[in-house]
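Student: First the structure, then my questions, so here it is.
The values are calculated or read from the model by the stated rules, or taken from the named source; none is laboratory data. What you are looking at is a predicted structure, and each value in this text was computed from that prediction instead of being measured. When we count neighbours, we look across all protein chains shown, and the Cβ atoms used for this are built from the backbone with ideal geometry, even at glycine.
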């Protein structure tokens with residue numbers, strides 16, 4: 001029995017909120033994982049198990065529409081190649097160099113949170129996706145909230161290398177292009193199939209870079225005996241990588257793909273604005289980071305903007 005459009009909308013929104021909750025912890029997990037693991041080694045340790053996990057799920061759950069794994073048709077290979085190249089591979093590379101080029105991590109984080117601003121333009125250009133005034137106003141309000149949230153309390157506004165700004169927008173554009181490929185992928189592919197093939201292709205791009213920059217010797221240089229010592233940097237790093245594998249790389253990506261294919265690129269990417277909000281809440285609850293009034297105002301703007309952005313869907317149904 002097909003789901004009603006309203007119920008599909010609610011399921012998509014719920015899936016997006018869960019995905020953003022998961023991804024909002026990713027930055028914290030990556031930061032702790034990098035205390036004991038080199039960056040490209042950490043990425044390989046994250047994505048090899050995620051690809052294998054999705055392969056097992058797809059083979060076991062062949063009768064489930066969301067989790068079945070279909071064979072890729074050769075004619076669809078260019079679409080998956082572009083998606084896999086854009087994200088995670090290109091996005092992660094550009095993100096790394098963005099943080100390196102810009103003096104302020106706050107500025108970098110703010111610029112890397114602008115995908116909702118780019119999404120309507122690219123979605124309209126490549127998908128002929130209808131973008132309403134409610135989408136635009138909602139995204140602008142929500143993005144203003146992101147700026148208030150991330151910049152409040154910061155004292156370092158020096159840009160540094162201005163190439164970092166271009167790198168940040170290139171990274172965001174790569175993520176949005178990946179979203180467009182999700183939307184363009186034939187519906188015969190389940191969400192798990194799309195994520196599986198794109199991450200497998202990304203991993204094939206990552207492996208040569210890993211061999212060039214770090215290689216197997218990075219794995220051999222790690223003192224694996226510390227893995228069993230609770231509280232050690234390596235033990236914590238492996239727990240963080242496990243979280244990134246199971247939740248950030250598999251669960252959240254599948255949920256995001258499912259939701260995006262239901263409600264479109266513009267509305268789905270608008271939810272990226274709540275990621276820094278959730279991160280701020282986690283930092284407040286577990287690390288004692290203060291939330292001044294400007295951050296609460298920013299969170300309020302983010303939530304209000306999302307409600308405005310989703311209003312278009314209700315009007316379209318009437």
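Student: Listed residues 83, 36; which is out of contact with any strand residue (DSSP E or B) (no Cβ under 9 Å at 6 or more places or on another chain), at pLDDT 90 or above and outside any helix (DSSP H, G or I)?
Tutor: Residue meeting the stated conditions: 36.
Student: Quick check on residue 247: is it crowded, with 23+ Cβ neighbours inside 10 Å and either in contact with a strand residue (DSSP E or B) (Cβ under 7 Å, 6 or more places away or on another chain) or assigned to a helix (DSSP H, G or I) (or both)?
Tutor: In short, no.
Student: Is it the case that the stretch 267-274 has a residue that's out of contact with any strand residue (DSSP E or B) (no Cβ under 6 Å at 6 or more places or on another chain) and surrounded by fewer than 23 Cβ atoms within 10 Å (Cβ to Cβ)?
Tutor: Checking the stretch 267-274: not a single residue is out of contact with any strand residue (DSSP E or B) (no Cβ under 6 Å at 6 or more places or on another chain) and surrounded by fewer than 23 Cβ atoms within 10 Å (Cβ to Cβ).
Student: Another question about this same structure. Hey, does the stretch 272-283 have a residue that's assigned to a helix (DSSP H, G or I) and more than 12 Å from residue 24 (Cβ to Cβ)?
Tutor: Checked against the condition, which is being assigned to a helix (DSSP H, G or I) and more than 12 Å from residue 24 (Cβ to Cβ), the stretch 272-283 yields no hits at all.
Student: Among the residues of the stretch 49-69, count how many are under 10 Å from residue 196 (Cα atoms) and surrounded by fewer than 17 Cβ atoms within 10 Å (Cβ to Cβ).
Tutor: Here the count works out to 3.
Student: Can you give me the number of residues within the stretch 208-221 that are surrounded by fewer than 16 Cβ atoms within 10 Å (Cβ to Cβ) and either in contact with a strand residue (DSSP E or B) (Cβ under 7 Å, 6 or more places away or on another chain) or not in a helix (DSSP H, G or I) (or both)?
Tutor: The qualifying residues number 2.
Student: Further question on the same structure: Inside the stretch 91-104, can you point out the residues that are within 22 Å of the chain's Cα centre (by Cα) and either modelled with pLDDT under 85 or over 16 Å from residue 182 (Cα atoms) (or both)?
Tutor: Matches in the stretch 91-104: 92, 93, 94, 95, 96, 97, 98, 99, 100, 101, 102, 104.
Student: Also, quick follow-up: State whether one or more residues within the stretch 106-129 are free of Cβ contacts under 8 Å to residues at least 60 places away in the same chain, surrounded by fewer than 18 Cβ atoms within 10 Å (Cβ to Cβ) and farther than 17 Å from residue 176 by Cα.
Tutor: Checked the stretch 106-129: at least one residue is free of Cβ contacts under 8 Å to residues at least 60 places away in the same chain, surrounded by fewer than 18 Cβ atoms within 10 Å (Cβ to Cβ) and farther than 17 Å from residue 176 by Cα.
Student: Further, regarding this structure: Kindly indicate whether residue 226 is surrounded by fewer than 18 Cβ atoms within 10 Å (Cβ to Cβ) and either closer than 25 Å to residue 309 by Cα or modelled with pLDDT under 95 (or both). I'd like the intermediate steps shown before the answer.
Tutor: Numbers: surrounded by fewer than 18 Cβ atoms within 10 Å (Cβ to Cβ): yes; either closer than 25 Å to residue 309 by Cα or modelled with pLDDT under 95 (or both): yes.
The answer is yes for residue 226.
Student: When you check residue 39 against the structure, is it in contact (Cβ under 8 Å) with a residue 24 or more places away in the chain, surrounded by fewer than 17 Cβ atoms within 10 Å (Cβ to Cβ), under 18 Å from the mean Cα position of the chain (by Cα) and within 30 Å of residue 165 (Cβ to Cβ), yes or no?
Tutor: yes
Student: Something else about it: Which members of the stretch 1-22 meet the condition of being surrounded by fewer than 21 Cβ atoms within 10 Å (Cβ to Cβ) and touching a residue at least 12 places away in the same chain (Cβ under 8 Å)?
Tutor: 5, 6, 8, 9, 11, 13, 17, 18, 21
Student: Would it be correct to say that residue 59 is over 30 Å from residue 295 (Cα atoms) and out of contact with any helix residue (DSSP H, G or I) (no Cβ under 8 Å at 6 or more places or on another chain)?
Tutor: So residue 59 passes the test.
Student: Going by the conditions given, is residue 195 crowded, with 20+ Cβ neighbours inside 10 Å and modelled with pLDDT under 95?
Tutor: When the stated conditions are applied, residue 195 does not pass them.
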